[in-house]
Amino acid sequence: MDFQSISFTDVSRHFGRRRVLNKISVRCDAGEIVALLGANGAGKSTFLAIAATLLPPSAGVVHYGDSSMAAGAELRARIGVLGHDLFIYPELSAFENLAFFARAYAVRDVSRTVHAALERAGLEERDDPVGRFSRGMRQRLALERALLHDPRLVLLDEPFTGLDDAATTALRSRLADLRSAGCIVLLATHDLETIDGVADRALLLRGGRLISMDEGPGSLRDRYRRASRES
Amino acid sequence: MSPESRPSFAATAWLVTKKDLLIELRSREVVYTTLFFAVACVLVFAFGFVREGVAVDDAAAGILWIAIAFSGTLALGRTFERERQNDTLRALMLTPADRPALYVGKLMGVLVLLAAVEAIVVPLIALMFHAPLFAFPLMTALLLTAGTIGFAAVGTLFAAMLVRARSRDVLLPILLYPITIPVIIAGVRGTAVLLQPEASLPVARMWLSILVFFDVVFITLALWTFEPAMSE
């Protein structure tokens with residue numbers, strides 16, 4: 001299966017009596033990078049978890065093109081997730097981690113795909129366990145793990161964490177490549193300066209609600225401040 | 001490069017088992033702690049139940065299964081703790097692989113670890129308790145295999161369900177032992193029958209049949225409930 005958009009319609013999510021997302025409606029299309037902004041606890045990770053099919057919404061529906069979450073395995077095969085935790089095994093080497101997940105995603109040419117991913121991450125020379133890597137190196141590896149199977153929907157939770165300047169620049173360039181390849185990229189971040197100029201759109205989550213951010217003048221941080229003040 | 005299919009059930013299960021065993025081979029954490037615990041357990045009981053070289057009746061069978069149950073609980077907890085630390089269980093759930101195959105893969109990994117523990121504990125009990133555990137090697141092996149599968153089948157399901165629970169270390173034995181009591185009883189009785197001066201193979205076969213029945217029920221239920229139980 002494939003899809004060209006993801007749309008949330010009146011999506012709410014409660015944890016017990018706590019309402020984390022409240023009637024969110026938004027649509028993102030292929031070839032678009034959408035930044036998800038908001039303070040800690042605003043619901044960004046919950047939003048991404050619902051998009052990843054990890055969490056069902058308490059109310060509302062999410063559509064992936066014409067399909068819903070019920071598409072199950074076929075849908076999961078088209079989604080790549082970089083979580084807050086990095087989803088990698090510290091006891092295994094970078095190659096072993098990527099090869100394991102490549103096989104779990106039934107990627108065809110595992111060896112070639114993994115070597116290409118390691119080269120992009122700048123980790124092709126490392127054969128020691130990932131537990132010995134720096135945070136930035138693990139972050140780069142985790143990003144490649146999320147993109148191994150060429151997903152249509154890419155969900156990134158704080159992807160710039162721990163990256164140095166060179167790696168940040170490389171990631172910005174990688175995001176642009178994903179946009180060109182027709183991916184739908186949703187990324188939750190606090191690094192407003194870093195994604196300014198990379199993201200096509202920014203959504204502000206506050207108190208579980210989606211607040212529109214104007215496309216007016218000034219930097220992304222200026223617009224973020226304005227939207228936060230007005231809401 | 002886009003995958004049009006997903007790995008087969010068997011390929012997924014083997015992939016997960018192989019990964020767990022490779023990690024264990026590197027760290028040897030679970031096998032060492034589990035083995036140390038099982039051996040300590042046997043030694044402590046040996047001091048309590050063996051007087052002047054003679055063990056209390058049926059003590060060897062009971063202690064063998066207690067050692068398996070206790071060390072098995074430890075192995076289950078540690079195996080899933082690894083998946084919790086970097087949220088890799090969630091990463092596995094995100095793949096298109098069959099979710100029951102993930103369960104089977106984890107189960108096989110636990111079974112291999114417990115088999116390694118049993119390979120040390122059984123001869124140790126035979127030695128310490130003067131128990132003829134190798135008089136009927138095939139039947140003893142079948143009872144151990146069936147009993148361990150039954151115990152680990154339930155344990156793997158519960159350990160996976162509890163992986164994000166705050167008090168998982170306390171909850172796992174509380175949930176696991178009451179449900180696996182029939183397996184432990186059948187294992188103890190089946191083994192005890194083989195250790196009698198006049199061992200009865202037909203009775204041991206009956207206990208083995210009961211264990212196989214439990215295995216079928218537990219594995220079927222676990223395969224059926226794993227996916228809904230793991231959804232958040």
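Looking only at residues in segment B:41-77 that are part of a helix (DSSP H, G or I), of a type in the set (Val, Ile, Thr) and in contact with a helix residue (DSSP H, G or I) (Cβ under 6 Å, 6 or more places away or on another chain), which one is nearest to B:Ala115 (Cα to Cα)? Step through it out loud before you land on a result.
The first filter runs over segment B:41-77 and keeps only residues part of a helix (DSSP H, G or I), leaving B:41-49, B:59-77.
Now narrow it down to the ones that are of a type in the set (Val, Ile, Thr): B:42, B:44, B:63, B:66, B:68, B:73.
Within this subset, residues satisfying the condition of being in contact with a helix residue (DSSP H, G or I) (Cβ under 6 Å, 6 or more places away or on another chain) are B:42, B:63, B:73.
Values: B:Val42: 16, B:Ile63: 16, B:Thr73: 14 Å.
Once the filter is applied, the top-ranked residue is B:Thr73.
Only one of (1) closer than 21 Å to A:Ser212 by Cβ; (2) out of contact with any Gly (no Cβ under 8 Å at 6 or more places or on another chain) fails for A:Gly65. Which number is that?
Condition (1) is where A:Gly65 drops out.
Looking only at segment A:187-214, count how many residues are part of a strand (DSSP E or B) and either within 19 Å of A:Ala146 (Cβ to Cβ) or of a type in the set (Ser, Thr, Tyr) (or both).
Of segment A:187-214, the ones part of a strand (DSSP E or B) are A:187-188, A:201-206, A:209-211.
Subset that is either within 19 Å of A:Ala146 (Cβ to Cβ) or of a type in the set (Ser, Thr, Tyr) (or both): A:187-188.
Residues that pass the stated criteria total 2.
Can you tell me which of (1) in a loop (DSSP other than H, G, I, E, B); (2) buried (at least 18 other Cβ atoms within 10 Å of the Cβ); (3) not assigned by TED's automatic domain parsing to the domain that holds A:Tyr64 is the one A:Arg126 doesn't meet?
Against the list (1) in a loop (DSSP other than H, G, I, E, B); (2) buried (at least 18 other Cβ atoms within 10 Å of the Cβ); (3) not assigned by TED's automatic domain parsing to the domain that holds A:Tyr64, A:Arg126 comes up short only on (2).
Can you tell me which of A:Arg229, A:Arg221 is farther than 22 Å from A:Ile6 by Cα, among the basic types (Lys, Arg) and touching a helix residue (DSSP H, G or I) at 6+ places or on another chain (Cβ under 7 Å)?
Numbers: A:Arg229 fails: touching a helix residue (DSSP H, G or I) at 6+ places or on another chain (Cβ under 7 Å).
A:Arg221 is the lone residue from the list that is farther than 22 Å from A:Ile6 by Cα, among the basic types (Lys, Arg) and touching a helix residue (DSSP H, G or I) at 6+ places or on another chain (Cβ under 7 Å).
Which members of segment A:48-59 meet the condition of being in contact (Cβ under 8 Å) with a residue 40 or more places away in the chain and within 14 Å of chain B (Cβ to nearest Cβ)? Steps first, please.
First, pick out the residues of segment A:48-59 that are in contact (Cβ under 8 Å) with a residue 40 or more places away in the chain: A:48, A:50-52, A:55, A:57-59.
A:Leu48, A:Ile50, A:Ala51, A:Ala52, A:Leu55, A:Pro57, A:Ser58, listed by residue number.
Of all residues in segment A:157-180, which are surrounded by 13 or more Cβ atoms within 10 Å (Cβ to Cβ) and in a loop (DSSP other than H, G, I, E, B)?
A:Glu158, A:Pro159, A:Phe160, A:Thr161, A:Gly162, A:Leu163, listed by residue number.
Quick one: in segment B:161-198, of everything that is surrounded by fewer than 17 Cβ atoms within 10 Å (Cβ to Cβ) and outside any helix (DSSP H, G or I), which residue is modelled with the highest pLDDT?
Selected residue: B:Gln196.
Return the residues of segment A:60-84 that are facing chain B (nearest Cβ under 10 Å), assigned to a helix (DSSP H, G or I) and touching a residue at least 12 places away in the same chain (Cβ under 8 Å); say none if nothing qualifies.
Matches in segment A:60-84: A:Glu74, A:Leu75, A:Arg76.
Hey, any hits in segment A:146-157 for a residue that's charged (D, E, K, R), closer than 20 Å to A:Leu37 by Cα and out of contact with any Lys or Arg (no Cβ under 6 Å at 6 or more places or on another chain)?
Of segment A:146-157, the ones charged (D, E, K, R) are A:150, A:152, A:157.
Still in the running and closer than 20 Å to A:Leu37 by Cα: A:157.
Next, from what is left, pick out any that are out of contact with any Lys or Arg (no Cβ under 6 Å at 6 or more places or on another chain): A:157.
Yes: segment A:146-157 contains one or more residues that are charged (D, E, K, R), closer than 20 Å to A:Leu37 by Cα and out of contact with any Lys or Arg (no Cβ under 6 Å at 6 or more places or on another chain).
In segment A:33-59, which residues are part of a strand (DSSP E or B) and either modelled with pLDDT of 95 or more or β-branched (Val, Ile, Thr) (or both)? Even if it seems obvious, please write down each step before you answer.
If we filter segment A:33-59 for residues that are part of a strand (DSSP E or B), which is where we start, we get A:33-37, A:59.
A:Ile33, A:Val34 - these are the residues of segment A:33-59 that are part of a strand (DSSP E or B) and either modelled with pLDDT of 95 or more or β-branched (Val, Ile, Thr) (or both).
Suppose we keep only residues that are more than 13 Å from B:Arg82 (Cα to Cα) and over 21 Å from the mean Cα position of the chain (by Cα) within segment A:85-98. Which one would you say is nearest to the other protein chains (Cβ to nearest Cβ)?
Step by step, filter segment A:85-98, then rank; the result is A:Glu96.
Out of everything in segment A:1-19 that is modelled with pLDDT under 90 and in a strand (DSSP E or B), what residue ends up being surrounded by the most Cβ atoms within 10 Å (Cβ to Cβ)?
Per the stated criteria, the residue is A:Arg19.
Return the pair list, or none, for Cβ contacts closer than 8 Å from residues in segment B:4-31 that are more than 7 Å from chain A (Cβ to nearest Cβ) to residues that are among the hydroxyl-bearing types (Ser, Thr, Tyr), at least 6 apart or on different chains.
B:Asp20/B:Thr79; B:Val30/B:Thr79
Does segment B:107-117 contain at least one residue that is farther than 15 Å from B:Cys41 by Cα and within 14 Å of chain A (Cβ to nearest Cβ)?
Scanning segment B:107-117, I find at least one residue that is farther than 15 Å from B:Cys41 by Cα and within 14 Å of chain A (Cβ to nearest Cβ), so the answer is yes.
The values are calculated or read from the model by the stated rules, or taken from the named source; none is laboratory data. From a predicted model like this one, the values you see are computed outputs, not experimental measurements. Note that we place each Cβ from the backbone using ideal geometry, even for glycine, and neighbour counts take in every protein chain shown.
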